[in-house]
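Notes for the one structure printed next.
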Amino acid sequence: MVAEQLAARGIGDARVLAAMEVVPRHRLVPASLSAEAYADEPLPIGHGQTISQPYIVALMTQLLAAAPGDRVLEIGTGCGYQTAVLASLVREVCTVEIVAALAQRAEATLAELGVANVVGRVGDGRRGWPERAPFNGIIVTAAPRVLEPVWGEQLADGGRIIVPLGGRYEQWLHRFIKRGPTLYDERLLAVRFVPLIGGTTDADGVG
């Protein structure tokens, strides 16, 4: 997976490649799909949610450019795979999941894997996590139509937000970099994520 799907497609950050190599993806997908865990495709994890394909997880992690001492916010814990990858790279991962069953399952699996630098909560990720802000980076693992202003407010100066934005049929991966009071936006590539649920700002009526 690392050599053929990631390094061969331009993932060059050695720390990210190492994290993708050591996190056991098959432990974080449903048991019935473990044989497909390392295929470069998203997989269903229940409750209408998916685990992203390995390349997208690696790409978003590389774009975040997190340092070992950073605190990162993840919006959408899901099965905990992106969480585990981040946890191997930073000081602390704060992760928010709106589906309680997914949050509980991810917490149990991460504990089994010995991941100790993650703190999670069940809640609406559109609100971020103000009590633990500021964050050096924010990764959003489902697609809102627009960037939530509170995410920028909770981001430290120089920090980055990696987020897919758009509706059900057209989404783009964006990187926002905060410099002073301004968020600078880079639109990077077309993607396809499940909609971010929660809140009331999704024009598709999810939430």
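Given +1 on the Cβ of Lys and Arg, -1 on the Cβ of Asp and Glu, and no further charges, what dipole in debye does segment 13-122 carry about its Cα centre, rounded to the nearest 20? Mind dumping the intermediate values first?
Details: 7 positive and 11 negative charges, 43 e Å.
My answer is approximately 200 debye.
Give me the percent relative contact order of the chain, please, defined on Cα pairs under 8 angstrom at least 6 residues apart.
Here the relative contact order equals 15 percent.
Going by the alpha-carbon gyration tensor, a ≥ b ≥ c the square roots of its eigenvalues, is segment 112-186 rounded (a/c under 1.5) or, if a/c is not under 1.5, prolate (a/b greater than b/c) versus oblate?
Cα axes put segment 112-186 in the oblate bin.
Note down the magnitude of the dipole of segment 2-191 about its Cα centre, charges +1 on Lys and Arg C-beta and -1 on Asp and Glu C-beta and zero elsewhere, to the nearest 20 debye.
260
Along the positive direction of the dipole of segment 2-191 (beta-carbon charges: Lys, Arg +1; Asp, Glu -1; about the Cα centre), which of 17, 128, 39 reaches farthest?
Of the listed residues, the answer is 128.
Report the gain in length on full extension from residue 192 to residue 35: 0.36 nm times residue separation, minus Cα-Cα distance, nm rounded to one decimal.
54.2 nm
In nm, to one decimal, how far is the modelled label at residue 169 from the one at residue 101, with both set 7 Å along Cα→Cβ?
It works out to 3.0 nm between the two label points.
Rounded to the nearest 5, what % of the DSSP beta bridges within the chain are antiparallel ones?
Beta bridges within the chain, antiparallel portion: roughly 50 percent.
When ranked by the protection proxy of mean other Cβ atoms within 10 Å per residue, highest first, what sequence do the peptides 8-17, 170-179, 120-129 form?
120-129, 170-179, 8-17
Between residue 9 and residue 185, what is the spin-label point distance in nm, taking each point 7 Å from the Cα along the Cα→C-beta axis?
For the pair residue 9/residue 185, the computed spacing is 2.6 nm.
Values in this text are rule-based calculations from the coordinates and carry no lab data. Computed from a predicted model, the values in this text were never measured in an experiment. Positions of Cβ are backbone-derived with ideal geometry, glycine not excepted, and every protein chain shown enters the neighbour counts.
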